[in-house]
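First comes the structure, then the notes that go with it.
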Amino acid sequence: QVQLVESGGGLVQAGGSLRLSCAASGTIISINAMGWYRQAPGKQRELVAVSTSGGSTNYADSVKGRFTISRDNAKNTAYLQMNSLKPEDTAVYYCNANGLYKDYGYVRNFGSWGQGTQVAVSS
């Protein structure tokens, strides 16, 4: 199996910045897409940003120009740089990844979620 561990959340004032990290571990062969989602209280989980192995990225309209997703493929790690944070960015942020891993000699697909990290932005 593949595990994802997020870090970097916290409390910040509006206009501030945070950088989230997501490290994938396990018998990983390759990672296709890594992305960040968020879920605010009483709302559905939504896509924030995604990065594919081909280098393409996609962002939610609400974060374009403020958030940047990046990857360090050698470390199987994704980052989310969040600038100009707003109170409406307050949510639990989850990392998601999919790809291939080795399972006792077999190659299998994986799709994993991290445990989430809280981001709170005060006004």
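The values are calculated or read from the model by the stated rules, or taken from the named source; none is laboratory data. No experiment lies behind these values; they were computed from the predicted model shown. No Cβ is skipped: glycine too gets one built from the backbone with ideal geometry, and neighbour counts run over all protein chains shown. Side chains are part of the model used for accessible areas, which takes the heavy atoms of the whole protein and leaves out ligands, DNA and RNA. Shrake-Rupley method; radii C 1.70, N 1.55, O 1.52, S 1.80 Å.
I'd like the accessible area for E88, computed on protein heavy atoms only with a 1.4 Å probe and all protein chains in place. Round to 10 Å², please.
Accessible surface of E88 is approximately 130 Å².
Determine one quarter of the surface area of the Cα convex hull of the stretch 23-78, which equals its mean projected area, and express it in nm² to one decimal.
Dividing the Cα hull surface by four gives the mean projection, 4.7 nm².
Could you work out the per residue convex hull volume over the alpha carbons of the stretch 6-123, in cubic angstrom?
Convex hull volume per residue, Cα atoms: 96 Å³.
How large a share of the accessible area of the stretch 31-118, in percent, is made up of carbon and sulfur atoms when the probe is 1.4 Å and the other protein chains stay in place?
Roughly 45 percent, rounded to a whole number.
Given a cut-off of under 8 Å on Cα pairs at least six residues apart, what relative contact order in percent is computed for the chain?
Result for the chain is 37 percent.
Using a cut-off of 18 Å between alpha-carbon atoms, which aspartates and glutamates can reach K75, once sequence neighbours fewer than 8 places away in the same chain are excluded?
E6
Rolling a 1.4 angstrom probe over the protein heavy atoms, how many square angstrom per residue are accessible across the chain?
53
Order the peptides 29-35, 50-56 from the highest to the lowest mean number of other Cβ atoms within 10 Å of their residues.
Result, highest mean first: 29-35, 50-56.
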